[in-house]
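Notes to accompany the following structure.
The values are calculated or read from the model by the stated rules, or taken from the named source; none is laboratory data. The shown structure was predicted, so the numbers you read here are calculated from the model rather than taken from an experiment. Neighbour counts are summed over all protein chains in view; Cβ atoms, including those assigned to glycine, are modelled from backbone coordinates with ideal geometry.
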Amino acid sequence: MKIKTNTLEIEFNIDAIERDFAFIRLKRDAKGGWKGAYQLDRLIGDDYKADAVLYAYSSYAYAMFRRPVDTYELISRIRKDEDFSEDAVIEAKPRALRTESDGCICEAWLARILINSLASSRSRYKEFHYCNLTGTLLIVPSPGGKNKDYIDAFEVALDRDYLLNVEVKRHRTLYSIQNDPKVNRSALNRKPKYVLHEGTGTLRRLLPRDPKPDPKRTYIRMGLNSKRAHVHFIDFSSCTAYDRSRAGVLHHVLDSIQEHLSEYMSVKLRVLDRPHTIELRETILKKPEHLRSRLDG
């Protein structure tokens, strides 16, 4: 029996990628790196018009631009921008595998920024809206349900081991949070804020220069007290239920990769040919580490 996994096997077409895109790497040594930094969303906007931005962790972030673009002029303009005055910006060459080159974007990170660029493509799934927000890919489902105080969106991320993850991230309206006495006000002010665009169904980062927003249309990533955002991994009760399950979203993302990115990378799901089974001789495992010790042999 063969079992498909959500680990991707990827072959890059580096020539096609270099032909159509240019990449830059931004380094920020300050504490926290680029976490929550509005500058990443500025790169997506009208000032620089990046096709995609990627930030996962550490001090590095990456941006991808569609050619034709004067990379030298672009980097010079970013270096002169006060918002990036303390950051190091260089060109990054796309590579299938990591090399000694200090300025490359490669392996899973190259695939991830290409996947983030789906936010700049028109999805044929009208019930889902792709957003590249603060370096991550977020999929916002069309409005549904009675509760207008929050949106449960799907964050799609490829980790360094090529595992494609879909997680549910709750975004609450600023209006509902302001009326919550348990919320720390200073922490709230530091969190990124996003505005829902009703015409496209997408979220857009609220930038410092933007006018004061409507709190009922402004969203912040934050959970409800004692209520965890949850969506079934798979739900076959109806076509709509399947589409809105995490497996359904994963299916849509893989379809979109095939439709929009097949010229740049070939993607297959890794298959397990023979499931590995372990006999458990103990009926009770009281702690997670007990199971891990059995799996490790």
### Task
Please specify each residue of region 32-81 satisfying the condition of being under 17 Å from the mean Cα position of the chain (by Cα) and of a type in the set (V, I, T).
I44, V53
### Selection count where residues are modelled with pLDDT under 80 and under 30 Å from H230 (Cα atoms), scope region 243-277
3
### Query
What are the residues in region 172-191 that are closer than 17 Å to Y150 by Cβ, surrounded by fewer than 19 Cβ atoms within 10 Å (Cβ to Cβ), in contact (Cβ under 8 Å) with a residue 40 or more places away in the chain and not acidic (D, E), if any?
Y175, K182, K191
## Note on the structure
Scanning region 253-270 residue by residue, the ones that are basic (K, R) and part of a helix (DSSP H, G or I) total 0
### Query
Could you say whether any residue in region 71-90 is in a loop (DSSP other than H, G, I, E, B) and crowded, with 18+ Cβ neighbours inside 10 Å?
yes
### Query
Can you name the condition, by its number, that R25 falls short on among (1) out of contact with any Leu (no Cβ under 9 Å at 6 or more places or on another chain); (2) in a helix (DSSP H, G or I); (3) surrounded by 15 or more Cβ atoms within 10 Å (Cβ to Cβ)?
(2)
### Query
Within region 40-55, which residues are surrounded by 20 or more Cβ atoms within 10 Å (Cβ to Cβ) and either out of contact with any Gly (no Cβ under 7 Å at 6 or more places or on another chain) or among the hydroxyl-bearing types (S, T, Y) (or both)?
D41, R42, L43, I44, A50, D51, A52, Y55
### Task
Answer yes if at least one residue in region 240-260 is aromatic (F, W, Y) and surrounded by fewer than 19 Cβ atoms within 10 Å (Cβ to Cβ), and no otherwise.
yes
### Message
Let me spell it out: the conditions are (1) at pLDDT below 95; (2) polar (S, T, N, Q); (3) not in a loop (DSSP other than H, G, I, E, B), and S101 meets all of them except one. Which number is the exception?
### Response
(3)
### Task
Write out, first by first residue and then by second, each pair whose Cβ atoms fall under 7 Å of each other, whose residues are 6+ apart or on separate chains, and whose first residue, in region 44-68, is in contact (Cβ under 8 Å) with a residue 40 or more places away in the chain while the second is among the basic types (K, R).
D51/R66; L54/R112; Y62/R25
### Task
Would you mind finding the one in N13, N6 that is at pLDDT 95 or above and of a type outside the set (K, R)?
N13
